[in-house]
Amino acid sequence: MDDLTKTADSHEEHPLQRVPIEISVTVGKARPMVRELLSLGENAVLPLDKRIEDPVELYVGGRLIARGELQELEGGEPGQLAVRLTEVASDKGELS
């Protein structure tokens with residue numbers, strides 16, 4: 001059977017399944033005035049619109065795909081961050 005006659009039910013891996021993608025994890029947003037931004041220096045603190053216990057959001061290509069909680073990766077380098085998913089978008093792209 002050649003590649004053109006394989007059905008969608010084929011158990012063979014699709015070539016795109018091996019393409020890496022970049023996931024952005026957003027912890028919050030800041031909205032300083034330009035003058036405040038220009039005055040920021042080393043050790044400045046920039047307040048965000050989220051609390052430490054709020055979920056982070058995961059995006060692929062600008063689209064929200066999941067929410068989760070930050071945690072330290074077990075078995076990884078000390079202090080390495082990971083995200084435990086708490087909500088995942090449905091096939092329709094909706095989060096519960």
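Can you compute the charge dipole magnitude of segment 18-88 about its Cα centre, using +1 on each Lys and Arg Cβ and -1 on each Asp and Glu Cβ, nothing else charged? Give it in debye, rounded to the nearest 20.
Rounded to the nearest 20 debye, it is 360 debye.
First obtain the Kirkwood hydrodynamic radius of the chain from its Cα pairs, then insert it into the Stokes-Einstein equation at 20 °C and 1.002 mPa s, and state the resulting D in µm² per second as a whole number.
124
What value, in deg cm²/dmol to 500, does the helix sum -39500 (n - 2.57) over DSSP H runs of n ≥ 4 give at 222 nm once divided by the residues of the chain?
On the way: 1 runs with 5 residues, N = 96.
Value at 222 nm, helices only: -1000 deg cm²/dmol.
What residue among LEU38, LEU85, LEU48 shows peak mean-square fluctuation when the chain is described by a Gaussian network model with Cα springs under 10 Å?
Judging by the Gaussian network model, the answer is LEU38.
Specify which residue in the list ALA66, LEU81, ALA44 is farthest towards the positive end of the charge dipole of segment 18-88, using unit charges on the beta carbon of Lys, Arg (+1) and Asp, Glu (-1), about the Cα centre.
ALA66
Bear in mind these aren't lab numbers, they're just calculated from the coordinates by the rules spelled out. No experiment lies behind these values; they were computed from the predicted model shown. When we count neighbours, we look across all protein chains shown, and the Cβ atoms used for this are built from the backbone with ideal geometry, even at glycine.
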